[in-house]
Amino acid sequence: MELGVRIPRPLGPGPSRFIPEMEILQVSTEDTQMHTLFAESFTTLGRLDNITLVMVFHPQYLESFLKTQHYLLQMDGPLPLHYRHYLGIMAAARHQCSYLVNLHVSDFLHVGGDPKWLNGLENAPQKLQNLGELNKILAHRPWLITKEHIEQLLRTEEHSWSLAELIHGVVLLTHYHSLASFTFGCGINPEIHCDGGHTFRPPSVSDYCICDITNGNHSMCETQGPVRNIPTTEPSYEVEALMEKMKQLQECRDEAKASKEEKATRFEKEKRESMLVFCSGDEETAPTRDVSRHFEDTSYGYEDFSRHGMHVPTLHAQDYSWEDHGYSLVNRLYPDVGQLIDEKFHIAYDLTYNTMASHKDVDTSMLRRAIWNYIHCMFGIRYDDYDYGEINQLLDRNFKVYIKTVVCMPEKTTKRMYDSFWRQFKHSEKVHVNLLLIEARMQAELLYALRAITRYMT
């Protein structure tokens, strides 16, 4: 300070506003597989971002995620590199995710993108502007996508998209919509060198910090407290109660199965009830800079699938599914990407350590399926063989509020929402939940977009 040099300090305590820094650092240093992944990530991206540092809890998923993202952004594909990063900006901006926008603004310029495009979507080529409508609907109301939207993009004379380019674009948009959900759902902090990631205010006496050598953005403050989840006023048997419900539901499954009609009724009931789950941000959300210039129609946002007086047909999974239809379409038009995405879906869905909080040897498949199917239910996607009555048994109201907010309106996610569900569970388990949320969301968006493309092709 005597020399007139202003030294920035990290604004947030570590990679996440929700998860104690030392818990993340502990996982990062104790797993040798992580060191390899970190090295590969740093070599590929030239940085080790905070999303990677939070995903560190689940190395198997992280490896698949990094491989897929690397292929989408940097390997041979239909779209030029600067288009790919600009689509990342457009997608993240729909959810006001300045963290991801800033990352891709930097990458866009690094690969030779025109700085004028960053002044607003209207300054980008008409071809990219034409994708704005699809970006908007995919992000907020994907069930409204029709083959007419696809036809408009593919038949716009000189500014038209090829099918392969459109598949690449759709995959990128859905990837970054869902990654915005993870960013807000896990309270990701900006890195120290990014906008909103630092301050020049002198530290107080109690703010003694040490910095991690990777990014220089891991501050550990004495005021942060222990590395456990937040104290809870709920009974300590929350986990045991959930495990008991799972046991009872399994017994009911074994004794008698619900009829087709009963399953259909329970799906409609759950879909209606999901509309009654409100996402109210009663505390300040993560600060974001205005990124609205990167998209059009700023007032357009999420609306419940079945609003009063409006009926949208349910998408039955047996009529159009990722496994039987979407996967092959993506792989045919953008080789290898379908395989990478499919692997990522399966890892997120099947990932288990057979634990729940401090309990071991637990089969969590019923709980994971309930979370996945609840998300798809909110998007109007129904699995005819699933009993949707299980959802209300396994997911309490606080959990449903968190899920709906992170998936549908991630920018409204607050620490209070994060802290209010699964209070007895570990932070690693809550990150696992977020992996399920973002992959279920991405698959739902892809299903509606790919179905529209299939209908156009036939």
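The values are calculated or read from the model by the stated rules, or taken from the named source; none is laboratory data. The structure presented is a predicted model; accordingly, all values stated were derived computationally and were not measured. Virtual Cβ from ideal backbone geometry, glycine too; neighbours counted across all protein chains shown. The area values use the complete protein model at the heavy-atom level, side chains included, leaving out ligands, DNA and RNA. Shrake-Rupley method; radii C 1.70, N 1.55, O 1.52, S 1.80 Å.
K116 meets all of the listed conditions (1) farther than 17 Å from Y448 by Cβ; (2) surrounded by 24 or more Cβ atoms within 10 Å (Cβ to Cβ) but one, namely (2). Selection of the stretch 380-389 for residues being open to solvent by less than 10 Å² (accessible area, probe 1.4 Å) and at negative phi yields I381, Y386, Y388. With the condition kept exactly as written, say whether any residue in the stretch 91-103 is open to solvent by 10 Å² or more (accessible area, probe 1.4 Å) and β-branched (V, I, T). So far as the stretch 91-103 goes, no, none of its residues is open to solvent by 10 Å² or more (accessible area, probe 1.4 Å) and β-branched (V, I, T).
Within the stretch 120-136, the residues that satisfy the criterion of being within 15 Å of E158 (Cβ to Cβ) and among the polar types (S, T, N, Q) are Q126, Q129, N130.
Just one of the numbered conditions (1) within 21 Å of the chain's Cα centre (by Cα); (2) of a type outside the set (S, T, Y); (3) within 21 Å of K271 (Cα to Cα) is not true of K426: (3). Taking first residues from the stretch 162-180 that are assigned to a loop (DSSP other than H, G, I, E, B) and partners that are surrounded by fewer than 24 Cβ atoms within 10 Å (Cβ to Cβ) and of a type in the set (A, V, I, L, M, F, W, C), the Cβ contacts under 8 Å between residues at least 6 apart in sequence or on separate chains come to S162/L154. Contact map, the stretch 54-80: first residue under 14 Å from L103 (Cβ atoms), second residue surrounded by 18 or more Cβ atoms within 10 Å (Cβ to Cβ) and of a type outside the set (A, V, I, L, M, F, W, C), Cβ cut-off under 6 Å, separation 6 or more or different chains; pairs are L73/R84. Select from the stretch 400-451 the residues that are surrounded by 21 or more Cβ atoms within 10 Å (Cβ to Cβ), among the aliphatic types (A, V, I, L, M) and more than 23 Å from H346 (Cα to Cα) and list them in ascending order. Across the stretch 400-451, the qualifying residue is only M417.
In the set (1) in a helix (DSSP H, G or I); (2) within 15 Å of the chain's Cα centre (by Cα), Q96 fails one condition alone, (1).
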